[in-house]
Each structure stands twice: as C-alpha cells, then as structure tokens.
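Chemist: What follows is a single structure, and I will ask about it in a moment.
The values are calculated or read from the model by the stated rules, or taken from the named source; none is laboratory data. Because the structure is predicted, anything quoted here is derived from the model rather than measured. Glycine also receives a Cβ, built like all others from the backbone with ideal geometry; neighbour counts cover every protein chain displayed. For accessibility, only protein heavy atoms count, side chains too; no ligands or nucleic acids. Shrake-Rupley method; radii C 1.70, N 1.55, O 1.52, S 1.80 Å.
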Number of protein chains: 2
Amino acid sequence: MSSTKKARTQPPYELLYWPGIPGRGEFIRLAFEATETPYTDTANESKAGINAVLSVIDAKSTGDSDGNPPAFAPPALRVSREGKDGKHLVLYQTPCILAYLGDQLGLAGDDEAEKHWVLSHTLTALDLNNEAHDTHHPIASQLYYEDQKEEALKKAKDFREARIPKFFGYFERVLKGNEEKGQGKYLVGDKLSYADTTVWHVLNGLKFAFPKELEAREKDYPLLFGTFYPSVQKHGRLEEYLASDRRKPYSMGIFRHYPELDRQ
Amino acid sequence: MSSTKKARTQPPYELLYWPGIPGRGEFIRLAFEATETPYTDTANESKAGINAVLSVIDAKSTGDSDGNPPAFAPPALRVSREGKDGKHLVLYQTPCILAYLGDQLGLAGDDEAEKHWVLSHTLTALDLNNEAHDTHHPIASQLYYEDQKEEALKKAKDFREARIPKFFGYFERVLKGNEEKGQGKYLVGDKLSYADTTVWHVLNGLKFAFPKELEAREKDYPLLFGTFYPSVQKHGRLEEYLASDRRKPYSMGIFRHYPELDRQ
C-alpha cells in the first residue's frame, strides 16, 4: 500500500483548522489529497481537536514550548520532529504552509524559477479568494452579512464586473504562455503544482457563490474552464477525494451563495 | 567599497514598480537598502522606465521571450541571468520576491524553520497593509475615495477598533516569544529579516495614515513601538536611506491621511 509506505517515510502532518468548512484549510487538504499523502485533519477527526486549533491562535500565547511562534489565524500546520532540535515544527499562513509542503510533496515545480512562479500564482489566487470573501463582508468580518448588505451589493457588483475578468484573464494568459509544456492543464511546467490546486479551488468556490456570473463568463476563458478546470478535478485521486465526506460543503465561510450578490 | 564588491558578486537586480510612491515596491526597496545591495529602481530612475513596468503587466501578455509568465500587478523583480538557461528571471507578488531576496541577501533567518516563520510574519504584515488600503477603498479600487466615503468611514472604524489591536497584539506577542534571542529588536532569531523591515514599513505607514489612533495605542505595545520600531529604523544604513530622496513620500497610495478616517 502506497499510503503505508508514505506513512513510514514522511513525517506526520497535522492540519490545524476550523472543522466542518473548506475555508483556507482546503488549500492545504488539496495538496495532501493530490499527492495521496497521509495527514491528520485534527479538528475534523475528533471533537477535542478544536482545542489544538484554539491553542495556536490563543490571544495570550507568545508561542509554544517547542519554540514556535503563535499563529495569527488558522490554518496552521504541525509537523512532528521537523522543527528546531528535532522538536515539533508549527507553520501558519496558507501560502507559507503551501510553500513548505510544495517542496516536501513535489508540488513546487522543477527548479528555482518554477518554484517561485508556483508561489506567485498561488498568492494571486489567494488574493482572489480574499476578494470573494469581502463581497459579503466589505465593512467588517465581525459583523453579520445582513448588517452590511447594502455595501455588499456594491462590492459584489465591482467584483463581478471588474475583478473576476481581470483575474480570469490573467490565469488564462498564464496557461496560454505555458501551453507548450502544460497543455492547458498546468499553470507552471509540465506537472501538477499547488498553484493548480489552489486556483482550481477558488474557481470551484466562485462557481458555487456566483453561479450565474460564472456560467456567463466561462466561455471567454477556454483554457481555464475548458481544459484546466476539468483536468485538475480529475487529477490522480482528487476526483475520489472531492466525492468523499472529507470534502466539506460550502456554507457560511469564504464562498457563500447569496443570489442577490450574483449576476441578475 | 563594499558596493563595488557586491556589484561584482551579486546579479543585477531590477525593481519594476510605479514611480513616485512607496507602495508595495517599498517592501522590496527596504530589503535592498537594509543590506546595502545595489539595485535599479527602473521607473524612478528614468522616464522611460515605466515602460518596463507596463510591459510585465500588459493585459495581452502571455509572458516574455525568456519564458517568464506575465505579472498580475507590480511589483516585479527582474534578475539578469538567473532564470532558465541563464536567461532573465522575472518574479512577481511581493511575498514571493521577498522570499527569493531573503535567501539571496541573508534576510531569511538561520534555518528552515526560521525561513518559514519570516515568510509567515511577512504575509501577516502584508494582510494588515491590504486592510489599511481597504479603509479608503472598501467598495472598489477603481472608484474615487469620495465615491465610497460613507463606506470608508464604517470600514475605518472597524479597522481602528478591531483590526489594529489584533495585529499589533499579535506582533507584540511574537516579539515577546522571541525576546531571549531577538531582544525585542527582531521578530525571528537574532538578526534582521525581511519580516522586520516589512512590519516596520506597515507601522510607519499607519503612523502617517492614522496618527491619532497610533498615538493613543503605541503605549500598549512596548516591545513593538518602544524597542522594535526605533531599532529597525536605525538598522545599518536604513536611517540614511529613509532620509534620502530614494524614500518616496506617502501620497495617494496605500497609506493616505484622511483626518475623518482617523480617531476623532
């Protein structure tokens, strides 16, 4: 069994993230699932798991006893025996965790240039992810959507009309520029990277949140939606993962379906 | 002369960013200036320099003839002969450029764990930077401030009352947790990293944009404002740089001083 073999040669990876939602933790899960890497999704696997998440973001914490700094927000990644002096390593911030795992799991391109492009495209996709969140929370994360709905309607209009085409057009051009090697299936080089899984998930979330807008626009980006999107979805064991109960449904997280924010 | 020596042993670094403002380019400039590394600030050094910036973000570009992808937005970094097959390397996205330069210029900590923490804290500081921008543009980057002023007043209130203390408290705790090694002067380990220069610039920008809010709050974060901030400002040649005309004044960029958005 490949999973048994990997369990022996790879360090135990532990994802610390809120349970029950895809959220930003999903970008980390996809890196593991795409490479069939064993990992513990702590807060989803036991009720007490949430305590480990709360511990790394404790507003009084100055770090843990292994010398790791506190995390500003989830997700965090804990890796046994990979920190200083063989202690536990704890990393936070989605792009940083992905950069680390990209190296470990072979999802970071073939050389230094590709490694940095993979990180760059990932950061751009995560910017789009943040802007998608801000469509329903343009004023304050701590307020309810209903208390900032007027502003959300304006923000979502700009997001749909100006930001979505700007980002989609960019990723289409990246795929086009890399078409000889990537065949429209990969953003960088000739194999899957964490930039691909990250862009894929953001597109998937946008399809959920803005179905009418996406339906109207997809045809304008033939590589992105005609080749890249279905290809990543079926890559290796990802299709199986996406149909499993490890893939959490969208609900009240980053991607929310409010019909009034979609194209009318 | 150390600059002559470095000019021979380091590749020519070229920053591609809008002229006349600090903006996101400033995080890259500070990495160069803190290490006395020669670099070309293309659009600030000649009138024609802006064309190089416009070229990497051209909305029709699928990449350049050296195999580099297009950039989504400035800043970009061009490094001669460090790309594929000895061609030019072009990187974009501020955190990615800093991660690359951090390795090259000795600003990325002492080991793998520190390297990732430096990146994480930088990403958190850049999140704060983005939120500061959104206080005056909560609805759309392409609209004037005056056309979203009502929303900006609400957004700025939440930013000042909820977000600023959350971020400042976090960085204070990171400094506290690293105090034995860093003496309050460094976020990670016992020497300057690009996380320090990045956090410093965001604090400097907030002091400009929200002077009353910062004055009221600084005393609550003694390491951050009593030790860290003045220490980074005087690190090596940074003080000289900050007094030079290479340091551009804040104007209509990320950090803007609108008195009505500050504490009343």
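Chemist: What are the residue pairs meeting all of these: first residue in the stretch B:210-223, first residue closer than 19 Å to B:PRO259 by Cβ, second residue of a type outside the set (Phe, Trp, Tyr) and open to solvent by less than 20 Å² (accessible area, probe 1.4 Å), Cβ atoms under 7 Å, and 6 or more apart or on different chains?
Modeler: Sorted first by the residue in the stretch B:210-223, then by its partner, the pairs are B:PHE210/B:ASP262; B:PRO211/B:ASP262; B:LYS212/B:ASP262; B:GLU213/B:ILE164; B:GLU213/B:ASP262; B:LEU214/B:LEU206; B:ARG217/B:ILE164.
Chemist: Residues being of a type in the set (A, V, I, L, M) and open to solvent by 50 Å² or more (accessible area, probe 1.4 Å): count how many of those fall in the stretch B:248-264. Steps first, answer last, please.
Modeler: Within the stretch B:248-264, the first condition is being of a type in the set (A, V, I, L, M), and the residues that meet it are B:252, B:254, B:261.
Add one more test, that the residue is open to solvent by 50 Å² or more (accessible area, probe 1.4 Å), and what stays is B:252.
Final tally of qualifying residues: 1.
Chemist: May I pose another question? Restricting to the stretch B:151-180, give me the number of residues that are facing chain A (nearest Cβ under 9 Å) and without any contact (Cβ under 8 Å) to a residue 40 or more places away in the chain.
Modeler: Within the stretch B:151-180, residues that are facing chain A (nearest Cβ under 9 Å) and without any contact (Cβ under 8 Å) to a residue 40 or more places away in the chain number 12.
Chemist: Quick check, is A:ASP134 open to solvent by 10 Å² or more (accessible area, probe 1.4 Å), over 17 Å from the mean Cα position of the chain (by Cα) and at pLDDT 95 or above?
Modeler: Criteria not met by A:ASP134.
Chemist: Right, another one. Within the stretch A:207-224, is even one residue open to solvent by 50 Å² or more (accessible area, probe 1.4 Å) and modelled with pLDDT under 95?
Modeler: Scanning the stretch A:207-224 turns up no residue that is open to solvent by 50 Å² or more (accessible area, probe 1.4 Å) and modelled with pLDDT under 95.
Chemist: Working only within the stretch A:119-145, note down all residues that are at the interface with chain B (Cβ under 9 Å from one of its Cβ atoms) and within 19 Å of A:VAL188 (Cα to Cα). Give the derivation first.
Modeler: We begin by selecting, within the stretch A:119-145, every residue at the interface with chain B (Cβ under 9 Å from one of its Cβ atoms); these are A:119-124, A:127, A:130, A:134, A:138-143.
Of everything in the stretch A:119-145, those that are at the interface with chain B (Cβ under 9 Å from one of its Cβ atoms) and within 19 Å of A:VAL188 (Cα to Cα) turn out to be A:LEU119, A:SER120, A:HIS121, A:THR122, A:LEU123, A:THR124, A:ASP127.
Chemist: Among the residues of the stretch B:143-184, how many are open to solvent by 20 Å² or more (accessible area, probe 1.4 Å), more than 21 Å from B:PRO259 (Cβ to Cβ) and in contact with a Leu (Cβ under 8 Å, 6 or more places away or on another chain)?
Modeler: Total meeting the criteria: 4.
Chemist: Looking only at the stretch A:20-65, which residues are more than 14 Å from chain B (Cβ to nearest Cβ), charged (D, E, K, R) and assigned to a loop (DSSP other than H, G, I, E, B)?
Modeler: A:GLU36
Chemist: So, one more: Specify which of the listed residues (B:ALA34, B:ALA7) is at pLDDT below 95, farther than 30 Å from A:GLY182 by Cβ and aliphatic (A, V, I, L, M).
Modeler: Details: B:ALA34 fails: at pLDDT below 95.
Answer to the check: B:ALA7.
Chemist: Applying the selection to the stretch B:150-178, what residues are hydrophobic (A, V, I, L, M, F, W, C) and farther than 14 Å from A:PRO138 by Cβ?
Modeler: Scanning the stretch B:150-178 gives B:ALA162, B:ILE164, B:PHE167, B:PHE168, B:PHE171, B:VAL174, B:LEU175.
Chemist: Also, I was wondering about something else. Taking the condition among the charged types (D, E, K, R) and closer than 21 Å to B:PHE171 by Cβ, does A:ASP85 pass? Don't jump to the end; show me each part of the working.
Modeler: Values: among the charged types (D, E, K, R): yes; closer than 21 Å to B:PHE171 by Cβ: no.
Spelling it out, it is not the case that A:ASP85 is among the charged types (D, E, K, R) and closer than 21 Å to B:PHE171 by Cβ.
Chemist: If you don't mind, another one. Report yes if B:GLY189 is open to solvent by less than 10 Å² (accessible area, probe 1.4 Å), more than 10 Å from chain A (Cβ to nearest Cβ), under 30 Å from B:LEU101 (Cβ atoms) and without any contact (Cβ under 8 Å) to a residue 12 or more places away in the chain, otherwise no.
Modeler: So B:GLY189 does not fit the description; no.
Chemist: Being of a type in the set (Gly, Ala, Ser), part of a loop (DSSP other than H, G, I, E, B), crowded, with 17+ Cβ neighbours inside 10 Å and outside the structural domain of B:ASP41 (by TED's automatic domain parsing) narrows it down to one of B:ALA140, B:ALA125, so name that one.
Modeler: B:ALA140
Chemist: Another question, then. Which numbered condition trips up B:VAL53, out of (1) within 21 Å of A:GLY169 (Cα to Cα); (2) more than 20 Å from the chain's Cα centre (by Cα); (3) open to solvent by less than 20 Å² (accessible area, probe 1.4 Å)?
Modeler: Result: B:VAL53 passes all but (2).
Chemist: Being among the basic types (Lys, Arg) and either not assigned by TED's automatic domain parsing to the domain that holds A:PRO222 or not in a helix (DSSP H, G or I) (or both) is the filter here, so list the residues in the stretch A:154-208 that pass it. Reasoning before the result, please.
Modeler: As a first pass, look at the stretch A:154-208 and keep what is among the basic types (Lys, Arg): A:154-155, A:157, A:160, A:163, A:166, A:173, A:176, A:181, A:185, A:191, A:207.
Those that are among the basic types (Lys, Arg) and either not assigned by TED's automatic domain parsing to the domain that holds A:PRO222 or not in a helix (DSSP H, G or I) (or both): A:LYS185, A:LYS191.
Chemist: Is at least one residue of the stretch B:23-38 surrounded by fewer than 19 Cβ atoms within 10 Å (Cβ to Cβ), within 21 Å of A:LEU98 (Cβ to Cβ) and acidic (Asp, Glu)?
Modeler: No, the conditions are met nowhere in the stretch B:23-38.
Yes/no per residue for (1) open to solvent by 10 Å² or more (accessible area, probe 1.4 Å); (2) of a type in the set (D, E, K, R); (3) at the interface with chain A (Cβ under 9 Å from one of its Cβ atoms):
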site	(1), (2), (3)
B:PRO69	yes, no, yes
B:PRO74	yes, no, no
B:LEU77	no, no, no
B:GLY83	yes, no, yes
B:GLY86	yes, no, no
B:LEU91	no, no, yes
B:ILE97	no, no, yes
B:LEU105	yes, no, no
B:GLU112	yes, yes, yes
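Chemist: Moving on to the next point. Determine if the stretch B:192-202 includes at least one residue that is among the hydroxyl-bearing types (Ser, Thr, Tyr), within 20 Å of A:PRO70 (Cα to Cα), more than 18 Å from the chain's Cα centre (by Cα) and open to solvent by less than 60 Å² (accessible area, probe 1.4 Å).
Modeler: There is no residue in the stretch B:192-202 that is among the hydroxyl-bearing types (Ser, Thr, Tyr), within 20 Å of A:PRO70 (Cα to Cα), more than 18 Å from the chain's Cα centre (by Cα) and open to solvent by less than 60 Å² (accessible area, probe 1.4 Å).
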